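Below is one structure, written out as structure tokens, with a few remarks after it.
The values are calculated or read from the model by the stated rules, or taken from the named source; none is laboratory data. These numbers were taken from a predicted model, which means no experiment stands behind them. Virtual Cβ from ideal backbone geometry, glycine too; neighbours counted across all protein chains shown. Please note that ligands, DNA and RNA were not included when accessible areas were found on the heavy atoms of the full protein model with its side chains. Shrake-Rupley method; radii C 1.70, N 1.55, O 1.52, S 1.80 Å.
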There are 6 protein chains.
Amino acid sequence: MSDEAIRKRTKETANKLFGKGIQLNPPYLMWREFEKDLANDFSKFITGNLYSRTVLTLPERQMAACAMLAAIRAGDELKLHVNAALNVGCDPKKLTEIFFQVATYAGMPAVNEALEIYREVLKKRNEWPIK
Amino acid sequence: MSDEAIRKRTKETANKLFGKGIQLNPPYLMWREFEKDLANDFSKFITGNLYSRTVLTLPERQMAACAMLAAIRAGDELKLHVNAALNVGCDPKKLTEIFFQVATYAGMPAVNEALEIYREVLKKRNEWPIK
Amino acid sequence: MSDEAIRKRTKETANKLFGKGIQLNPPYLMWREFEKDLANDFSKFITGNLYSRTVLTLPERQMAACAMLAAIRAGDELKLHVNAALNVGCDPKKLTEIFFQVATYAGMPAVNEALEIYREVLKKRNEWPIK
Amino acid sequence: MSDEAIRKRTKETANKLFGKGIQLNPPYLMWREFEKDLANDFSKFITGNLYSRTVLTLPERQMAACAMLAAIRAGDELKLHVNAALNVGCDPKKLTEIFFQVATYAGMPAVNEALEIYREVLKKRNEWPIK
Amino acid sequence: MSDEAIRKRTKETANKLFGKGIQLNPPYLMWREFEKDLANDFSKFITGNLYSRTVLTLPERQMAACAMLAAIRAGDELKLHVNAALNVGCDPKKLTEIFFQVATYAGMPAVNEALEIYREVLKKRNEWPIK
Amino acid sequence: MSDEAIRKRTKETANKLFGKGIQLNPPYLMWREFEKDLANDFSKFITGNLYSRTVLTLPERQMAACAMLAAIRAGDELKLHVNAALNVGCDPKKLTEIFFQVATYAGMPAVNEALEIYREVLKKRNEWPIK
């Protein structure tokens with residue numbers, strides 16, 4: 001794929017994921033402050049390349065991302081991705097269910113951190129309580 | 001729900017997840033060797049209770065389980081659940097995609113361990129290479 | 001055990017652990033805001049079932065809980081459980097010793113996070129410095 | 001404390017912990033093959049210093065060590081310390097209970113790995129099944 | 001080495017690492033509030049013993065420390081050590097490069113947490129942006 | 001940079017890192033069995049892009065990689081990278097020192113796993129004991 005095509009795809013996918021809902025500083029802006037080249041490389045690789053593939057639908061991909069981020073207790077990143085999950089149409093009840101499911105594999109501290117972040121995002125989006 | 005109903009649901013769900021594919025010793029058997037009461041409590045809670053809920057379909061639940069187990073690098077448990085994922089009808093290509101996606105959140109050691117286990121399970125099921 | 005009996009045990013054990021000392025929002029309240037059924041299931045399983053068993057005394061159980069939570073660096077959960085440990089009569093000097101012991105298995109970042117949280121809880125309980 | 005006294009204490013404590021039960025290669029021997037000075041420094045600090053303190057009894061210390069090692073899924077180290085726990089008189093039923101308790105904080109993969117190692121050690125010590 | 005010599009080395013090394021740049025409360029002060037003996041033992045072992053060895057130069061040691069702390073996402077400790085790294089003359093561009101390198105092994109949440117802390121420290125030292 | 005140039009750089013860097021010493025199956029071969037496109041994308045991004053940058057020398061990069069992999073206890077990946085570290089000229093004594101340094105941040109289980117793997121690689125390379 002041409003570099004131009006990758007750039008376009010990166011923007012489109014980033015827009016679907018992060019262009020709505022609550023506004024959070026995407027890590028990309030921080031990367032750029034450190035190193036413009038690396039920032040572009042990472043962005044194109046992750047968003048333009050991996051996230052633009054269509055084997056998984058975007059909601060499926062975000063469900064998997066939220067499951068993983070909850071399990072490894074990566075709260076800041078989870079905030080970004082739970083917002084993105086809601087932006088691309090994930091069912092909010094299914095996200096709740098996944099966060100309780102985390103108990104089995106990563107224990108209650110991971111469940112509690114995930115639910116706390118999820119509730120905070122839902123409130124900021126005026127989507128709380130879940131109907 | 002009556003205790004009887006929970007027991008029945010535990011068996012049905014366990015059967016859907018682990019009753020086909022490669023035969024692995026479910027942890028339940030080891031739990032029982034240590035403590036019969038706890039073994040039953042855990043089994044009813046995890047399989048009869050959490051896993052029998054229907055907010056997520058079983059394939060959705062297994063996709064999330066596989067994503068988490070890969071991210072936390074829990075190889076033995078992943079082996080059980082990737083086999084269960086295939087038993088309940090998860091698309092093998094989507095599982096591959098999730099395991100590569102792990103890179104973004106948990107790094108390459110997690111990706112490599114997950115793919116290695118996944119390939120081993122697929123081979124034992126005579127489903128390798130993925131079509 | 002009847003459901004009624006489990007409910008009673010859940011309340012009694014929860015009361016021993018969290019009914020004194022500093023007042024913190026137990027995760028149970030958040031679980032309920034998401035899903036009343038799951039909240040009850042988790043609460044009965046963890047508090048009514050596991051924590052009400054008597055193979056370990058409550059102080060022994062809390063020592064183990066604090067050791068684990070310090071080692072996995074689960075700060076919010078540790079705050080709850082170090083407070084509970086003091087509520088059920090754990091020797092505060094033994095808790096200090098366990099948190100330094102964490103160094104051997106999980107390194108100094110885990111030690112430092114645990115001691116910081118422990119000191120904060122002790123101060124709020126007016127039990128600092130330890131005598 | 002004099003260097004001589006520390007050395008003596010190191011040996012005495014090491015003997016109580018590792019001088020009975022199944023024979024495993026203590027990491028100290030490997031450390032020595034790499035760097036004699038560091039091996040002695042680490043051994044004196046961990047065994048002679050930390051582990052020889054008496055704020056915790058040796059069984060209490062081993063219960064905490066086993067809880068932590070199970071929670072962080074450090075299997076090889078857990079094997080050493082569960083054997084040491086039995087050597088210094090920990091109640092085997094209490095160890096079982098702690099390993100199931102791990103579920104709450106670190107999830108089932110940690111429980112299963114701990115129980116598997118524990119059962120293996122008990123078998124080698126001819127103390128299986130637990131009475 | 002005599003106890004006196006160790007004490008001297010501990011002070012000298014601590015001064016090189018933490019005597020300049022932004023002023024942060026070293027964990028040693030907290031350790032002392034809990035247990036004076038353990039505080040001294042830990043300090044002499046880590047700073048006087050390990051960190052005063054010369055097989056690695058101090059900048060090499062700090063590069064390794066920063067790499068590890070970023071990978072395990074130990075933010076508070078990383079703040080101390082990235083400041084120390086700059087104090088002993090590590091090239092700030094190399095530290096940036098290491099933090100991006102973390103992606104490969106520990107994923108983007110670890111990269112983002114490390115860069116955030118690093119930028120904060122650089123700003124407080126008036127060394128931002130990196131030239 | 002043109003795709004052709006990236007491919008060339010990927011091969012050159014891969015060759016410096018993995019073209020000597022003990023022969024291990026690079027994960028790239030497994031990636032290819034799953035998905036040729038993703039395998040190429042990952043390989044070009046990690047090896048051709050990140051690892052070919054010259055802000056860090058290759059030995060500096062490998063020291064950081066080994067530090068991180070030891071700290072997160074990623075044994076299989078560490079085996080690859082400790083071999084690569086020796087291939088690009090890292091001082092074996094400095095690697096030993098880093099692995100003992102891991103104790104401070106990630107505890108003894110991480111130290112022991114790293115040293116065990118390191119000794120195994122050194123033996124297979126006929127470079128044991130370290131002179």
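For the reader, a short list of remarks on this structure follows.
- Using the rule -39500 (n - 2.57) for each DSSP H run of four or more residues, divided by the residues of chain A, the 222 nm mean residue ellipticity is -22000 deg cm²/dmol.
- Taking label positions 7 Å along the Cα-Cβ direction at both B:Lys20 and D:Glu4, the computed distance is 7.5 nm, reported to one decimal.
- Under the criterion of Cα pairs below 8 Å and six or more residues apart, the relative contact order for chain B equals 27 percent.
- In order along region A:41-55, the phi-based Karplus estimate (6.51 cos²θ - 1.76 cosθ + 1.60, θ = phi - 60°) of 3J(HN,Hα) comes to 4, 5, 4, 5, 5, 6, 7, x, 9, 4, 5, 8, 5, 10, 4 Hz; Gly and Pro are listed as x.
- Taking every protein chain into account, the accessible area of chain E amounts to 41 square angstrom per residue (probe 1.4 Å).
- Partner chain coverage, peptide C:108-118 - average Cβ within 10 angstrom: 6
- Summed residue charge, Cβ within 14 Å of A:Glu4's Cβ, Lys/Arg positive, Asp/Glu negative: +2
- Take each residue of peptide F:119-131, count the partner chain Cβ atoms within 10 Å of its Cβ, and average: the result is 1.
- Cα gyration tensor category, rounded, prolate or oblate, for region D:48-116 with a/c compared to 1.5: prolate
- Euclidean distance between Cα centres, region A:29-81 to region F:64-131, Å: 30
- Partner chain coverage, peptide B:88-94 - average Cβ within 10 angstrom: 2
- Table column - 3J(HN,Hα) (Hz), region F:66-78, Karplus curve with 6.51, -1.76, 1.60, x for Gly and Pro: 5, 4, 5, 5, 5, 5, 8, 6, 9, x, 5, 5, 5
- Karplus-derived HN-Hα couplings along region D:83-93 (A = 6.51, B = -1.76, C = 1.60, θ = phi - 60°), whole Hz, x at Gly and Pro: 5, 5, 4, 5, 4, 8, x, 5, 6, x, 5
- Selected from B:Met30, B:Met108, B:Met63 as most flexible by GNM, with chain B as the system and alpha-carbon contacts under 10 Å: B:Met30
- Summed buried accessible area for D+A [probe radius 1.4 Å, Å², rounded to 100]: 400
- Solvent-accessible area, 1.4 Å probe, carbon plus sulfur percent, for chain C: 49
- Those lysines that a straight Cα-Cα span of less than 20 Å connects to A:Lys36, excepting residues fewer than 8 apart in one chain: A:Lys8, A:Lys11, A:Lys44, E:Lys93, E:Lys94, E:Lys123, E:Lys131, F:Lys44
- Net charge dipole, region D:17-128: roughly 300 debye, given to the nearest 20, about the Cα centre with Cβ charges of +1 for Lys and Arg and -1 for Asp and Glu.
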